[in-house]
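No lab work stands behind these numbers, since they all come straight from the coordinates. Being a predicted model, the structure only gives us computed values, none of them experimental. No Cβ is skipped: glycine too gets one built from the backbone with ideal geometry, and neighbour counts run over all protein chains shown.
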């Protein structure tokens, strides 16, 4: 077992994963630095979602190593990985899975309330993030009364309320119209940069890559590229993260 570089908040080596004998990842390696926004692109079925689930501890690669802040995620128990996801990671899915009985602010505040944060403080924090994501006027509405783009912003707010170390976003704009896709992505990346939150975001096209510091591409479970994204003024001054195939 080789320890990861000290300056990588996430580091993975030789990730393999298969579903019922069908390979989804075949030897993917990469590193992600603190505060970096990494785009994982590739066609449907290329292994993007599986990669994010391995990096976040939802799946355990076999074989392969995943490290978070120099701690081996791949050797943690199931309960320890669940605690890691709850306390240090945020997750945004391709569809906004909100609790229909709760209002927008209650959905956004849910991770804080589950941590035992007081009702008033949790509501204030959730409200601030909803405002930043341009859905503050929806705070009292339930998901059924919101547009898809509004629900997705509430889901993003929920992931941001705890200010996690890393947010994993698995095709977060998949259900949105083109006009909403770019705006939601910009909102997520801007909020993450303002709080030095590392983001690993997966998507099928170059739209995501244009807002990231760097992009890697998967094809048939293998990484085919990993270069800094040019002309990303917001990411100036960040060192490009070295990766190995």
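Ordering 92, 156 from the fewest to the most neighbouring beta carbons within 10 Å gives 92, 156.
Normalised by 2.2 N^0.38 Å, where N is the number of residues, the C-alpha radius of gyration of the stretch 1-84 stands at 1.05. One compactness figure for the chain is 0.98, namely its Cα radius of gyration divided by 2.2 N^0.38 Å. Rounded to the nearest 500, the 222 nm mean residue ellipticity of the chain from helices alone is -9500 deg cm²/dmol, with -39,500 (n - 2.57) taken per DSSP H run of at least 4 residues. In terms of packing, defined here as the mean over residues of other Cβ atoms within 10 angstrom, the peptides 173-186, 96-109 line up highest first as 96-109, 173-186.
Sort 49-59, 77-87 by the packing proxy (mean of other Cβ within 10 Å over each peptide's residues), most packed first.
49-59, 77-87
The angle between the Cα long axis of helix 104-114 and the main principal axis of the chain comes to about 60°, on a 0 to 90 degree scale. Spin-label model, residue 19/residue 134: points 7 Å from Cα along the beta carbon direction are separated by 3.3 nm. For a paramagnetic label modelled on residue 121 (point 7 Å from Cα along Cα→Cβ), amide N atoms under 19 Å away belong, within the stretch 78-97, to 86-89.
Full extension from residue 26 to residue 178: what is 0.36 nm times the residue separation minus their Cα-Cα distance, to one decimal in nm?
51.5 nm
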